[in-house]
Structure formats: structure tokens, C-alpha cells
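Each remark here refers to the structure printed beneath this line.
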Amino acid sequence: MSDSSNNQGEPASTQPAQDIVTKLRNLLGQDAVLLPINRGVKYPNIPGWQHMTVAHMEQPEYIASLSQGIIGVLLGEASGRRCAIDIDDDDAV
């Protein structure tokens with residue numbers, strides 16, 4: 001019989017998502033708002049994504065939703081005034 005929780009008391013299925021989120025927030029900063037995006041589309045898969053806040057990053061069900069596809073980053077004021085530059089040529093970097 002396998003244990004369905006990790007040693008922090010969280011369901012085992014949320015731990016990989018939490019690990020990824022922790023790594024991304026360490027890289028981007030704790031004020032980064034991460035967004036779940038379905039593969040094959042270019043926008044988040046949740047209504048009202050433009051109004052997400054750092055507080056959502058503390059909800060286990062929200063963290064789990066980030067493991068279902070691609071993770072985007074909310075840009076602008078809500079995420080510490082982050083902006084993005086899209087470079088489509090690896091040689092340009």
C-alpha cells in the first residue's frame with residue numbers, strides 16, 4: 001500500500017507541482033503570479049486570469065492546476081511590473 005501524502009502532510013500528487021512553483025518563484029521572485037495555460041493555446045485557462053494575485057499562489061488547488069499544462073507568468077503591475085520579450089531565434093540570445 002502506498003502512502004498518498006508527503007512528509008509535509010500535502011497530497012503526494014501536489015508535490016511535483018509545488019516543487020516546480022517553488023523553483024519558478026525562486027527564479028522570478030515571490031511576487032510572480034503564475035498562470036495555468038493549456039497546451040496548444042496562448043492564454044490562461046481560467047476566467048478572470050487578469051485579476052489573479054500572489055494570494056492565489058498559496059492555494060493548493062491552484063498550485064495543482066499549474067501542473068496540468070504550461071505555466072505562464074502574469075505581467076504588469078500585479079506581478080511586480082514584469083514584462084516579456086519574445087525572441088524567436090535562439091541565435092539572437
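For His51, the solvent-accessible surface with a 1.4 Å probe is about 140 Å², rounded to the nearest 10. Across segment 41-56, computed HN-Hα scalar couplings (Karplus, 6.51 cos²θ - 1.76 cosθ + 1.60, θ = phi - 60°) run 10, 10, 9, x, 9, 10, x, x, 4, 5, 10, 5, 10, 4, 4, 5 Hz from first to last residue, x flagging Gly and Pro. Surface exposure of segment 17-91, expressed per residue as accessible area with a 1.4 Å probe, stands at 68 Å².
The values are calculated or read from the model by the stated rules, or taken from the named source; none is laboratory data. Computed from a predicted model, the values in this text were never measured in an experiment. Heads up: the accessible areas ignore ligands, DNA and RNA and are worked out on the full protein's heavy atoms, side chains in. Shrake-Rupley method; radii C 1.70, N 1.55, O 1.52, S 1.80 Å.
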